[in-house]
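K.L.:
One structure is given below, represented as structure tokens, and several questions about it will come after.
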Amino acid sequence: MKNDLIKRILPHFIAILIFLIVAVLFCRPALQGDTLDQHDIVGWKGMAQNAFDYKEKNGHFPLWNTNVFSGMPNYLIAMDGKSVLPDITKIMTLGLPQPISFFFLAAVCFYILCMSLRTRVVVGIFGALAFAFATYNPIIIAAGHVTKMFAIAYMPLVLAGLILLYERKYWLGLAVATLGIYLQIAANHPQITFYLLLVVAAVSIAYLVSWIQQKDWKHIGIAFGLAAVAAIAGFMANSLSFLVTSEYSKATIRGGKTLEITGNQVVAKKTTGLDTAYAFEYSLGKGEAVTTIMPNAYGGNARKQLDETSNVYDKLEERGVPANNAMQIASSLPRFWGDAGSTAGGPLYAGAIVCILALLGFVLYKKPLRWALLAISIIGMFMAWGKHFPGFNLFLFENFPYYNKFRAPSISMVIVQLCIPIAAVLGMQLLFFRDKSRELLKRDFKKILYAVGGLFALLLIMYLGMDYSAGFDNEIREGYGRNGNEEIARLIINGLKEDRKAMFGGQLFRTFGFIALVLAVLWMYMKGILKAVAAVIILTAITFIDLFVVDKEYLAEEMYRPKDEVTAATTTKDAIDNQILADKDLHYRVYNAGQERFSASDYHLSSFHKSIGGYHPAKLRIYNDIIQRYLTGGTDPQQILNMLNVKYIVVQNPQTGQPALIPNAAAYGPAWLVRSVKVVKDDVEELQLIGNTNLKDTAIVQQAFAANITQPQWDSTASITLTKYDNDAIEYTTNASTPQFAVFSEVYYPYGWNAYIDDKKVEYVRTNYILRGLSIPPGKHTVRLVFEPSTYKTGSTLAFTGSILILILVLGGFFMAWRTRYNKTKQPGLTKTVDITV
């Protein structure tokens with residue numbers, strides 16, 4: 001009995017050890033204490049620094065962050081949560097440092113999926129390495145897209161749990177599905193979760209069709225019922241994040257807009273999601289889909305330039321352009337010739353052998369699962385094309401629930417990244433490990449030749465039929481044409497096209513080599529020269545080496561730096577910071593007037609100061625309108641800066657190129673009393689009027705809030721003073737002999753901020769488009785603004801309850817699965833064999 005247990009466990013232990021070893025080898029500097037310089041992570045740490053400082057002082061994160069965009073909910077940046085669950089991700093990754101943990105986790109989760117499909121261990125190892133080291137993963141890891149990588153890693157775990165349920169492994173399936181769904185949602189990347197749901201729907205439909213044909217109604221009820229229980233538990237345990245994000249999204253650019261801004265012109269325009277131009281900005285060029293099998297067909301690394309080996313250089317030199325000048329021109333031109341930013345800096349390479357085996361899986365595997373994987377892969381590719389396939393994608397954007405909340409359509413290629421390795425392992429299992437596999441392989445060999453021949457023919461047609469133009473060619477032509485160098489422009493364009501054709505042709509030849517390799521291995525297995533396990537090991541080793549070499553282009557060892565150097569960007573103050581921090585006023589803001597404002601690079605000021613800038617992919621809509629209308633255009637922003645209490649402006653010294661500090665003595669302060677309130681009809685009028693109104697004397701409020709306004713009676717002796725400033729609670733004292741109207745230099749956010757006068761709750765109003773205003777009666781009063789969102793409290797309670805449910809379902813499911821298996825080993829006659837995957 002003990003020996004049988006060891007025999008069953010040992011292969012899986014070896015597989016896990018292989019995943020660990022290859023992950024460590026690929027990310028070796030991480031074990032030496034170095035870390036990646038991930039710009040998104042550095043930027044996030046800058047945005048979150050205020051929250052971490054607050055937690056160090058108070059023992060918990062604040063609910064409101066004052067250092068980003070003049071204030072926004074902090075639970076969109078960093079959040080506490082109450083749970084009975086341990087850090088499951090840390091357990092599953094063995095506490096390994098990033099990025100080792102990413103690759104290890106992705107491999108383990110996909111291996112579990114392979115085991116749920118009942119593949120051999122060696123096939124599972126092949127699939128796990130192929131999925132974990134698909135080139136998109138190191139690309140996004142290098143950029144710092146941590147939540148996206150975790151969400152991708154957990155995709156196969158969710159699918160594994162569902163397949164176990166569908167294959168009647170009810171207890172084990174319930175445990176794995178519950179765990180997978182919980183971790184997938186907890187990764188907090190809704191776009192990846194959305195794409196996973198599409199895969200789940202396709203696979204579920206494939207199973208459902210088979211069950212309906214068999215009239216297996218009982219199993220349909222049990223399988224879908226348990227899947228629903230797992231989903232409810234997973235969502236419930238993550239309800240805090242889900243509820244606050246859903247609530248916040250309604251007030252952001254992802255929740256739609258009420259007006260359109262073009263320069264100084266503002267017109268009413270009602271939408272319910274992102275603008276299509278913004279949403280489809282990062283669309284995959286149709287031809288770029290071939291990078292799944294040919295990594296450098298479109299130039300590979302988007303950050304690499306041409307060199308002296310290029311045709312551009314040769315043509316310029318032949319024309320008589322000096323070598324230095326020719327080299328300067330060539331090195332200014334990118335190798336990548338797809339859509340700018342369409343693939344996040346590199347190809348979507350899944351591995352040539354993986355794609356070839358997936359093709360064979362689609363051709364030879366006869367179960368309905370293949371149609372589900374093929375159909376959803378095609379749909380995912382269509383979605384990735386975005387603006388290049390407008391009819392299809394505009395229909396989805398306008399009609400599919402939640403689809404208009406997402407941007408960067410190219411991300412939907414993660415569907416293909418998941419489905420291709422699944423098809424590959426099904427194909428590999430079928431080719432090498434089905435009964436009478438050699439005889440059946442001989443029978444199917446002609447089909448295999450037709451399939452790979454058709455693939456190569458398709459790629460060859462692309463090679464011969466493309467004109468190798470790129471979107472930026474016109475910019476080159478116009479740029480040199482303006483300087484009277486039309487002939488140079490023509491030479492450059494012609495040289496670029498020859499370089500692109502050469503790159504595509506080289507990748508075509510490379511693919512032919514891999515096709516020949518796969519056919520050779522299959523032939524040797526068919527002839528008995530290779531055993532099945534040996535053939536799989538050879539294909540696995542070559543696939544990993546191939547992916548390893550390509551991946552290193554995007555996650556090279558030189559990208560690692562000592563940890564203290566990376567953290568210095570958000571922890572080291574410069575002279576400007578120290579000069580600002582010398583001001584001990586309770587509340588003022590800082591504005592970065594440089595070119596990087598409101599971009600991913602605008603994080604430094606947020607690390608130490610209350611900045612009106614920063615970066616977040618889902619800015620508050622009203623704040624984004626202010627940025628578009630007044631802070632990034634040609635309009636004088638002085639009134640806006642004053643009402644935002646900008647006391648210091650950081651600019652670049654034109655002589656030295658170094659940052660310089662300009663004090664703004666005109667800032668209105670944390671709160672002020674106005675002489676009058678002007679009521680306007682809508683957003684358009686309000687946004688336009690704040691640019692040419694003396695906001696120190698006049699507040700602008702929309703008609704919708706008029707019922708909560710008392711027109712002030714000017715009192716020259718009246719005062720309002722800030723006495724306490726905390727992230728979640730702000731306190732003022734007022735003194736006046738007549739009714740007053742106060743404007744607070746705090747961002748208006750209707751979901752959780754409450755106002756109190758002498759501890760009595762009162763209604764405040766949106767003022768000056770983005771601020772808060774409040775009518776105050778005569779006399780001496782204490783005014784408090786408190787952030788106490790009910791959604792956060794409700795979500796916390798539900799999430800805690802959900803964590804208990806997750807614990808019960810996961811532990812209970814695993815225990816019952818073990819008990820069922822144990823009982824069956826005691827009664828061998830009860831063991832039932834079930835065909836895999838419908």
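The values are calculated or read from the model by the stated rules, or taken from the named source; none is laboratory data. What you see is a predicted model, and the numbers here were worked out from it, not measured in a lab. Cβ atoms come from the backbone with ideal geometry, glycine included; neighbour counts cover every protein chain shown. Areas reflect the complete protein model, heavy atoms only, side chains present, ligands, DNA and RNA absent. Shrake-Rupley method; radii C 1.70, N 1.55, O 1.52, S 1.80 Å.
K.L.:
The range 223-288 to the range 171-204: how many Å between their Cα centroids?
P.N.:
19 Å
K.L.:
With all distinct Cα pairs included, what does the Kirkwood hydrodynamic radius of the range 667-784 come out to in Å, to one decimal, could you say?
P.N.:
Over the range 667-784, the inverse of the mean reciprocal pair distance is 14.3 Å.
K.L.:
Only four residue types carry charge here, +1 at the Cβ of Lys and Arg and -1 at the Cβ of Asp and Glu. Report the dipole size of the range 700-792 about the Cα centre in Debye, rounded to the nearest 20.
P.N.:
The calculated dipole for the range 700-792 is roughly 160 debye.
K.L.:
Compare the Cα positions of Ala231, Asn694, Gln265 along the charge dipole of the chain (+1 at Cβ of Lys, Arg; -1 at Cβ of Asp, Glu; about the Cα centre) and return the one farthest towards the positive end.
P.N.:
So the residue furthest toward the plus end is Ala231.
K.L.:
Next question, about the same structure. Relative to the longest principal axis of the chain, what angle (0 to 90°, nearest 10) does the C-alpha long axis of helix 532-552 take?
P.N.:
30 degrees
K.L.:
Same structure, new question: What is the local net charge at Arg772, summed over the other residues whose Cβ is closer than 10 Å to its Cβ (Lys, Arg +1; Asp, Glu -1)?
P.N.:
0
K.L.:
Considering only Trp371, Leu31, Tyr248, whose Cα is most displaced toward the positive end of the charge dipole of the chain, charges sitting on Cβ of Lys, Arg (+1) and Asp, Glu (-1)?
P.N.:
So the residue furthest toward the plus end is Trp371.
K.L.:
Taking the Cβ of Gly528 as the center, what net charge do the other residues with Cβ under 13 Å away carry, scoring Lys and Arg +1 and Asp and Glu -1?
P.N.:
Around Gly528, the charge tally is +3.
K.L.:
Quick check on packing: order 604-612, 125-133, 222-230 by the mean number of other C-beta atoms within 10 Å, highest mean leading.
P.N.:
Output ranking for 604-612, 125-133, 222-230: 125-133, 604-612, 222-230.
K.L.:
The range 35-65 to the range 131-145: how many Å between their Cα centroids?
P.N.:
Measuring centre to centre over Cα atoms gives 24 Å.
K.L.:
Something else now. So for the chain: antiparallel DSSP bridges make up what percent, rounded to the nearest 5? Each step should come with its number before you reach the end.
P.N.:
On the way: 51 of 61 bridges.
Looking only at bridges with both residues in the chain, the antiparallel portion is about 85 percent.
K.L.:
Ranking request for peptides 148-155, 200-207, 440-447: highest mean number of other beta-carbon atoms within 10 Å first, then the rest in descending order. Mind showing how you got there, number by number?
P.N.:
Working: 148-155: 26.1, 200-207: 19.1, 440-447: 13.8.
Top to bottom by mean Cβ count within 10 Å: 148-155, 200-207, 440-447.
K.L.:
Can you give the three extents of the C-alpha atoms in the range 484-626 along their principal axes, from longest to shortest, in whole Å?
P.N.:
83, 54, 33
K.L.:
Still on this structure: Just to be sure I understand the curve: with the Debye formula and one point per C-alpha of the range 149-212, what is log10 I(q)/I(0) at q = 0.16, 0.19, 0.23, 0.24 Å⁻¹?
P.N.:
Listed by q, the Debye log ratios stand at -0.49, -0.67, -0.91, -0.96.
K.L.:
For Cα Rg over 2.2 N^0.38 Å, one of (i) 1.20; (ii) 1.07; (iii) 1.26 was computed from the structure I shared and the rest are decoys. Which label?
P.N.:
(ii)
K.L.:
Over all directions, the average projected area of the alpha-carbon convex hull for the range 618-691 comes to how many nm²?
P.N.:
For the range 618-691, averaging the hull's shadow over all directions gives 6.8 nm².
K.L.:
Rounded, prolate or oblate: pick one for the range 1-108, where a ≥ b ≥ c are the square roots of the eigenvalues of its C-alpha gyration tensor, a/c under 1.5 means rounded, and failing that, prolate if a/b is larger than b/c, else oblate.
P.N.:
Prolate.
K.L.:
In debye, nearest 20: dipole of the chain around its Cα centre with unit charges on the Cβ of K, R (+) and D, E (-)?
P.N.:
Numbers: 78 positive and 63 negative charges, 770 e Å.
In total the dipole reaches around 3700 debye.
K.L.:
Keeping every protein chain in place, order Tyr792, Tyr591 by accessible area at 1.4 Å, biggest value first, i.e. largest first.
P.N.:
Of Tyr792, Tyr591, the descending order of accessible area is Tyr792, Tyr591.
K.L.:
Cβ under 14 Å from Phe814's Cβ, Phe814 left aside: what net charge do those residues give with Lys, Arg +1 and Asp, Glu -1?
P.N.:
+3
K.L.:
For the chain, what is the mean residue ellipticity at 222 nm derived from helices alone (per DSSP H run of n ≥ 4: -39500 (n - 2.57); sum divided by total residues; nearest 500 deg cm²/dmol)?
P.N.:
-17500 deg cm²/dmol
K.L.:
In degrees from 0 to 90, rounded to the nearest 10, what is the angle of the helix 170-186 Cα long axis to the longest principal axis of the chain?
P.N.:
Once rounded, the angle reads 40 degrees.
K.L.:
Taking the Cα centroid of the range 621-683 and of the range 568-603, what is the distance between the two, rounded to the nearest whole Å?
P.N.:
The distance from the Cα centre of the range 621-683 to that of the range 568-603 comes to 15 Å.
K.L.:
If I compute solvent accessible area with a 1.4 Å probe over the protein chains, what percent of it on the chain is carbon and sulfur?
P.N.:
The computed percentage sits at 59.
K.L.:
Measure nothing fancy, just the Cα-based angle from helix 437-465's long axis to the longest principal axis of the chain, in degrees from 0 to 90, nearest 10.
P.N.:
With both axes taken from Cα atoms, the answer is about 50 degrees.
K.L.:
Kindly report the accessible area of the chain per residue (heavy atoms of protein chains, probe 1.4 Å, no ligands, DNA or RNA), in Å².
P.N.:
Details: 35910 Å² over 838 residues.
Heavy-atom SASA per residue in the chain reads 43 Å².
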